[in-house]
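Only one structure is covered here, and it is reproduced in the block below.
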Amino acid sequence: MASKDPLVFFEEWFADAKSAEKSDPTAMALATSDASGNPSVRMVLLKHADTAGFVFYTNLESPKSEHLKARPRAALCFHWPVLERQVRVEGSVEPVTAEEADGYFSTRPRLSQLGAWASRQSRPIAGRFVLEQAVAAVALKFPVGTVPRPPYWSGFRVVPDLIEFWQQRPFRHHDRQRFTREGAAWRQEWLFP
Ligand SMILES: Cc1cc2nc3c(=O)[nH]c(=O)nc-3n(C[C@H](O)[C@H](O)[C@H](O)COP(=O)(O)O)c2cc1C
């Protein structure tokens, strides 16, 4: 555990996870809460991380997006079982820019792009055929060339104010290191396991 900047630290652990893990190391649990404070959690994929924060993409009309509009705070949790590591993040949430979202959307496979148009994420559906019909309709709308980003699909950035690194050790004598943002600096503490 060498670095004092937790985002550089994260980059190091993330690189380790990309080399070591068998399942997708970008998968992270995302916790949000609704306007009444009721929590919910689901998996999303980390698409970009740097000193500004942790970015994921989703449907802007989904429950998670509604939560984040009402309460722009979130928690993330990564688990990398081969490395026996966990990283927890808490912070405020902001939308990514349209340019960022367009840039990422343009890199997605065409069928994923069409799926983003077709999905009314988390709303009830009469059956799988309804999704297939919706994808077929969008494919007719954009038969060739670039598929533009749907106006209801974009990303959010979790801007961390707390990051905790957990490393499993024998006999539950684990290492826990917590970083808390204090203005421009980070306070670093070790925690009992
Ligand atoms: C490994 C994994 C990765 C996922 N990645 C995403 C993602 O990046 N964006 C997304 O909108 N949903 C993703 N999902 C689906 C979400 O977990 C969830 O079902 C969906 O976003 C609806 O969530 P909501 O109803 O809370 O808004 C993923 C699911 C799994 C299991």
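Some values worked out for this structure:
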item	result
Tensor-based shape of the stretch 21-115 (alpha-carbon gyration tensor, a/c under 1.5 rounded, otherwise prolate or oblate)	oblate
Per-selection metrics, the stretch 106-150 (Cα): Rg and Dmax in Å	10.7, 31
Kirkwood-based shape ratio for the stretch 54-166, expressed as Rg/Rh from alpha carbons	1.05
Computed helical MRE - 222 nm, the chain, DSSP H runs ≥ 4 contributing -39500 (n - 2.57), nearest 500	-9000 deg cm²/dmol
Least to most buried among HIS67, HIS173, HIS79 (fewest other Cβ within 10 Å first)	HIS173, HIS79, HIS67
Net charge of neighbours whose Cβ lies under 11 Å from the Cβ of ARG149, counting Lys and Arg as +1 and Asp and Glu as -1	-2
q = 0.17, 0.20 Å⁻¹: log10 I(q)/I(0) that the Debye formula gives for the stretch 38-79, counting C-alpha atoms only	-0.51, -0.71
Orientation-averaged projected area, Cα convex hull of the stretch 115-193 (nm²)	10.7 nm²
Distance histogram for the chain (every C-alpha pair counted, 5 angstrom bins, percent rounded to whole numbers)	1, 7, 14, 17, 17, 16, 12, 8, 5, 3, 1, 0
Residue exposure sequence - SER92, SER119 - by fewest surrounding Cβ within 10 Å	SER92, SER119
Listed residues LEU114, LEU60, LEU140, most fluctuating in the chain (Gaussian network, C-alpha, under 10 Å)	LEU140
Stretch gain in nm, segment GLU11-ASP24, where the contour uses 0.36 nm per residue and the Cα spacing is subtracted	3.1 nm
Neighbour-count order for VAL55, VAL89, fewest beta carbons within 10 angstrom listed first	VAL55, VAL89
Gain in span if fully extended, SER112 to SER92, counting 0.36 nm per residue against the direct Cα distance	4.4 nm
Simple label model, 7 Å out from Cα along Cβ direction - ARG187 to LEU131, nm	4.6 nm
Cβ-derived FRET efficiency at R0 35 Å, SER40 paired with LYS141, nearest 0.05	0.60
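Since every read-out is calculated from the coordinates, none of them should be taken as a lab result. None of these values were measured; they are calculated from a predicted model. All Cβ positions, glycine included, derive from the backbone under ideal geometry; neighbour counts span all protein chains shown.
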